[in-house]
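Working notes for the structure below.
The values are calculated or read from the model by the stated rules, or taken from the named source; none is laboratory data. Please read these numbers as outputs of a predicted model, since none were measured by experiment. FYI the Cβ positions are ideal-geometry reconstructions off the backbone, even for glycines, and counts take in every protein chain you see.
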Amino acid sequence: MRVTVWNEFVHERRDEEVRKIYPQGIHAVLGDFLQKEGFSVRFALLEQPEHGLTEEVLAQTDVLIWWGHIAHQEVEDEVAERVTRRILSGMGFIALHASQKAKVFKRLMGTSCGLKWREAGEKERLWVVEPGHPICQGLPEHFELEQEEMYGEPFEIPPPESVVFLSWFPGGEVFRSGCTFTRGAGKIFYFQPGHETYPTYYHPVVQKVICNAVRWAAPSGGPAPTYGNHNPLERI
Ligand code: ZN
């Protein structure tokens with residue numbers, strides 16, 4: 001399984017508080033536990049030519065993980081379009097935390113993906129609401145992150161095919177924190193935890209969710225579709 005981890009890699013270099021938690025970048029921590037799980041991992045960064053997402057890299061990617069927050073607008077439209085086309089043709093896509101506002105995710109959803117948010121270091125409790133889903137394999141019924149950014153409903157997305165996790169925050173809000181979609185042949189998972197000032201991606205259950213999601217989102221190997229004018233298979 002070939003995983004590409006894309007990171008805008010801006011906060012970790014600008015902000016001392018973030019650098020203390022992710023000194024090599026959020027992508028390095030994600031890549032570390034994915035490699036330990038046995039996945040083949042490569043990294044792609046905003047600063048690279050074509051943001052590291054050339055046709056060649058995408059052709060060699062089974063699942064793309066995306067972490068973006070403050071630099072969504074710096075992603076070139078041409079690259080966003082290329083990534084979107086590759087997802088439609090079967091590459092899995094995992095959008096983490098604020099990547100709900102990434103160009104690629106918004107194209108796939110067709111909505112604003114707006115939500116409520118608050119940075120108050122409050123606890124988040126995530127409930128598994130679809131225990132039979134492959135992403136929930138081996139998880140506890142619920143788990144807690146000591147500090148996370150609150151994301152609250154309503155979350156302006158099309159109705160997900162599965163709501164895998166539902167989160168509760170002490171301020172009273174709830175949020176659909178794990179949602180799945182299919183677009184074309186591509187499987188998509190949105191997972192909300194992962195604000196850059198908290199050590200979320202070191203949490204073993206969070207790591208398990210992301211590893212499970214990679215396996216779930218991998219291409220199924222189905223036939224490549226053809227479109228347009230079509231000759232009949234039978235005499236008509
Ligand atoms: Zn955040």
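Looking across the range 210-234, the residues that are at pLDDT 95 or above and surrounded by 10 or more Cβ atoms within 10 Å (Cβ to Cβ) come down to 210, 211, 212, 213, 214, 215, 216, 217, 218, 219. Here residue 130 fulfils each of the conditions (1) without any contact (Cβ under 8 Å) to a residue 24 or more places away in the chain; (2) of a type in the set (Asp, Glu); (3) assigned to a loop (DSSP other than H, G, I, E, B) apart from (1). Within the range 81-92, the residues that satisfy the criterion of being in contact (Cβ under 8 Å) with a residue 40 or more places away in the chain and buried (at least 23 other Cβ atoms within 10 Å of the Cβ) are 87, 91, 92.
When we screen 146, 153, 119, 124 for residues that are within 16 Å of the ligand (Cβ to nearest atom), of a type in the set (Asp, Glu) and surrounded by 13 or more Cβ atoms within 10 Å (Cβ to Cβ), the only hit is 124. Within the range 163-197, restricting attention to residues that are of a type in the set (Gly, Ala, Ser) and surrounded by fewer than 17 Cβ atoms within 10 Å (Cβ to Cβ), the residue that is farthest from the ligand (Cβ to nearest atom) is 184.
Keeping to the range 198-209, report how many residues are more than 14 Å from the ligand (Cβ to nearest atom) and either crowded, with 23+ Cβ neighbours inside 10 Å or polar (S, T, N, Q) (or both). Adding up the residues that qualify gives 2. Considering the range 211-230, the residues that are touching a residue at least 12 places away in the same chain (Cβ under 8 Å) and more than 15 Å from the chain's Cα centre (by Cα) include one that is nearest to residue 96 (Cα to Cα), namely 219. Put simply, of 9, 93 the only residue that is within 23 Å of residue 135 (Cβ to Cβ) and not β-branched (Val, Ile, Thr) is 93.
Yes/no per residue for (1) of a type outside the set (Phe, Trp, Tyr); (2) buried (at least 18 other Cβ atoms within 10 Å of the Cβ); (3) within 16 Å of the ligand (Cβ to nearest atom):
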residue	(1), (2), (3)
79	yes, yes, no
95	yes, yes, yes
99	yes, yes, yes
104	yes, yes, no
109	yes, yes, no
131	yes, no, no
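Scanning the range 80-92 for residues that are of a type outside the set (A, V, I, L, M, F, W, C) and not in a helix (DSSP H, G or I) yields a count of 3. Contact map, the range 143-162: residues that are closer than 20 Å to residue 187 by Cα paired with residues that are in a loop (DSSP other than H, G, I, E, B) and within 16 Å of the ligand (Cβ to nearest atom), Cβ distance under 8 Å, separation 6+ or inter-chain. Pairs shown: 155/113; 155/114; 155/115; 156/113; 156/114; 156/115; 157/113. Listed by position, the strands (runs of 3 or more DSSP E) enclosed by the range 134-197 that each have at least 2 residues that are among the aliphatic types (A, V, I, L, M) are 142-152, 162-168.
So that you can scan it fast, the table gives a plain yes or no per residue for (1) touching a residue at least 60 places away in the same chain (Cβ under 8 Å); (2) in contact with a Lys or Arg (Cβ under 8 Å, 6 or more places away or on another chain); (3) over 16 Å from residue 181 (Cβ atoms); (4) outside any strand (DSSP E or B):
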{"position": "56", "(1), (2), (3), (4)": "no, no, yes, yes"}
{"position": "66", "(1), (2), (3), (4)": "yes, no, no, no"}
{"position": "78", "(1), (2), (3), (4)": "no, no, yes, yes"}
{"position": "94", "(1), (2), (3), (4)": "yes, no, no, no"}
{"position": "108", "(1), (2), (3), (4)": "yes, yes, no, yes"}
{"position": "112", "(1), (2), (3), (4)": "no, yes, no, yes"}
{"position": "117", "(1), (2), (3), (4)": "no, no, yes, no"}
